[in-house]
Amino acid sequence: MSSQEEILSDGRFSRVARDPRFWEMPEKERKIKIDKRFRAMFHDKKFKLKYTVDKRGRPVNYTSTENLRKFYALSESDSDLSEDDSKEHAEKKKKKKRAKPKGKADS
């Protein structure tokens, strides 16, 4: 088989190398921007599915949250807020975990 460089140097396919329709999409434009109204989908349990097998039946360790991060990005103005929110969300989880054992001890 020929390498990619040999194909592009071939005169018959030189037009493909110059045509913007065949260029790779930049990383910044590849992901859809999500504003602050929908940022909960990155950490909410309602949006998380755990897959145990792929479409061919092979076992996988995969969640739908990874797909969300792959295809969606927070908008630039909200990215700072999202980092703060994720920290707050983690702190809330820690507080809930700490509060539960105390409540169990009182019962």
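The values are calculated or read from the model by the stated rules, or taken from the named source; none is laboratory data. Computed from a prediction, not measured in an experiment: that's the story for all the values here. Here the Cβ is made from the backbone with ideal geometry for all residues, glycine too, and neighbour counts use every protein chain on show. Side chains included, ligands, DNA and RNA excluded: accessible areas come from the protein's heavy atoms. Shrake-Rupley method; radii C 1.70, N 1.55, O 1.52, S 1.80 Å.
The table for this structure:
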{"read-out": "For segment 27-82: lysine pairs under 17 Å (alpha-carbon distance), excluding those fewer than 8 apart on one chain", "value": "5"}
{"read-out": "Residues of segment 27-82: accessible area per residue with a 1.4 Å probe, Å²", "value": "84 Å²"}
{"read-out": "Segment 27-82 - percent of accessible surface contributed by carbon and sulfur, probe 1.4 Å", "value": "56 percent"}
{"read-out": "Derived scalar couplings ³J(HN,Hα) [segment 36-45; Karplus, 6.51 cos²θ - 1.76 cosθ + 1.60; whole Hz; x for Gly, Pro]", "value": "5, 5, 10, 5, 5, 5, 7, 10, 7, 5"}
{"read-out": "Relative contact order of segment 27-82, defined on C-alpha pairs under 8 angstrom at six or more residues apart (%)", "value": "45 percent"}
{"read-out": "Contour minus Cα-Cα distance for residue 8 and residue 64 (0.36 nm per residue)", "value": "16.4 nm"}
{"read-out": "Coil-residue trypsin sites (Lys or Arg not before Pro) of segment 34-66, DSSP, other Cβ within 10 Å capped at 11", "value": "55, 56"}
